[in-house]
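The values are calculated or read from the model by the stated rules, or taken from the named source; none is laboratory data. All of these numbers come straight from a predicted model, not from anything done at the bench. Because the Cβ atoms are built from the backbone with ideal geometry, glycine has one as well, and the counts that use them run over all protein chains shown. We work out accessible area using only protein heavy atoms, side chains counted, and drop any ligands, DNA or RNA first. Shrake-Rupley method; radii C 1.70, N 1.55, O 1.52, S 1.80 Å.
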Amino acid sequence: MVQALAVPRAKAPFEQTTIERRALRPNDVLIDIQYCGICHSDIHSAYDEWGGGIFPMVPGHEIAGVVAAVGSNVTKFAVGDRVGVGCFVDSCGECEYCLRGEEQFCTKGVVATYNSLDYDGQPTYGGYSQKIVVKEDFVVRIPDALSLDVAAPLLCAGITTYSPLKKWGAGPGKKVAIVGMGGLGHLAVQFAHAMGAEVTVLSQSLKKKEEALALGADHYYATSDPNTFKTLANQFDLMVNTVSANLDVDAYLSLLRIDGTLVNVGAPANPDTYNVFSLIMHRRSIAGSLVGGLRETQEMLDFAAEHGIVPKIEVIRADQVDEAYERVLRSDVRYRFVIDMSTLS
Ligand code: NAP
Ligand code: ZN
């Protein structure tokens, strides 16, 4: 039995409770969780905005900790190793996507770290807890250069932004816009800059301008100013939308050049709409992207360590999670809340 923070039903406040973690199987690793980031997806899920929520729910898929025990067949990790767990904890391992290292698209259905059923039909519980048991293939190594508190947000926010930037070719000569500068957005800025792209932040206000420029943005505009959409018309090769709410999609599409792509990673509960002429007239594309596979997550962590990419975090106690959710919903986060799990006892 381990201590955990759970919501008993949608939108209820967090309660401290105990949950059971399975006994170690031969390929399992037991992790003492030290830090867990708060992703906006945790809020969408705990509020059941996407539907299908499994309650009680223990959210958390930005997990950083230390290996406390290993199963008899574990070869990749030893007790004391610094490790991370992201958005999923199992997949079939055999389908075309698993073999390609894109477990998130497993045809059997990937097992999410929380709010999911594992292949035995048991609900999964996430990182707002003291310990977790995970198959070694779903555990990544945290490079020495990254401390565990700042490593945590990379496990979801990091890979979710690194993966589409790489796939859609952010690099020298490319103009990339990052829409929304929250947890995902402030990492997208750093990754796109490190990849060599010319980076523009599109945020609701000018409040985060200095910080965005310090993180590597070349330009910064407020979307509340209608002139922004005139000034930046037809400019960008790639736009990564990290916003958790619905946007005027046509207005953002108008900022893409010919063949430009708007990649959505933000996941608002309600559908977005757009006018198809916004695509046709400039041969533009709309796409989406879902986190990233295990191999790419390890690559992203190593890239972050090599390029000095560090999430900006505010460490909170376990009894401050409700308040942190309120603040994320008000866009009052600079730029990721991370729960210190030693405060859960
Ligand atoms: P976050 O920290 O709350 O950041 C979202 C940012 O969007 C805010 O900081 C704000 O930035 C902007 N924003 C919020 N409300 C807005 C509104 N009404 N209009 C315009 N801009 C608004 O959230 P996050 O943790 O980065 O997550 C962002 C989204 O990505 C969530 O929907 C989450 O579920 C989703 N997500 C998807 C994946 C995936 O695999 N696709 C993975 C993780 C998360 P400014 O203040 O700069 O405007
Ligand atoms: Zn997440």
Could you say which residue among Ser224, Ser244 is within 13 Å of ligand 1 (Cβ to nearest atom), outside any strand (DSSP E or B) and touching a helix residue (DSSP H, G or I) at 6+ places or on another chain (Cβ under 7 Å)?
-> Ser244
Tell me, which residue of region 283-320 that is within 15 Å of ligand 2 (Cβ to nearest atom) and over 22 Å from Arg82 (Cβ atoms) is least open to solvent (accessible area, probe 1.4 Å)?
-> Ser289
Which is touching a Phe, Trp or Tyr at 6+ places or on another chain (Cβ under 6 Å) and either among the charged types (D, E, K, R) or farther than 16 Å from Ile178 by Cβ (or both), of Asp225, Asp250?
-> Asp250
So Asp237, is it of a type in the set (D, E, K, R), at pLDDT 95 or above and either surrounded by fewer than 19 Cβ atoms within 10 Å (Cβ to Cβ) or assigned to a helix (DSSP H, G or I) (or both) | no
Near pairs, Cβ below 8 angstrom, 6+ apart or cross-chain, from region 265-285 (touching a residue at least 60 places away in the same chain (Cβ under 8 Å)) to any residue that is open to solvent by 100 Å² or more (accessible area, probe 1.4 Å) | Ala267/Trp50; Ala269/Trp50
Residues in region 32-81 that are among the acidic types (Asp, Glu) and closer than 22 Å to Thr297 by Cα: how many?
-> 4
Based on what the data block shows, is Ala4 more than 30 Å from His186 (Cβ to Cβ), part of a strand (DSSP E or B), touching a residue at least 40 places away in the same chain (Cβ under 8 Å) and in contact with a strand residue (DSSP E or B) (Cβ under 9 Å, 6 or more places away or on another chain)?
-> no
Please note which strands (runs of 3 or more DSSP E) are completely contained in region 24-86 and include at least 3 residues that are touching an Asp or Glu at 6+ places or on another chain (Cβ under 6 Å).
-> 28-37, 63-70
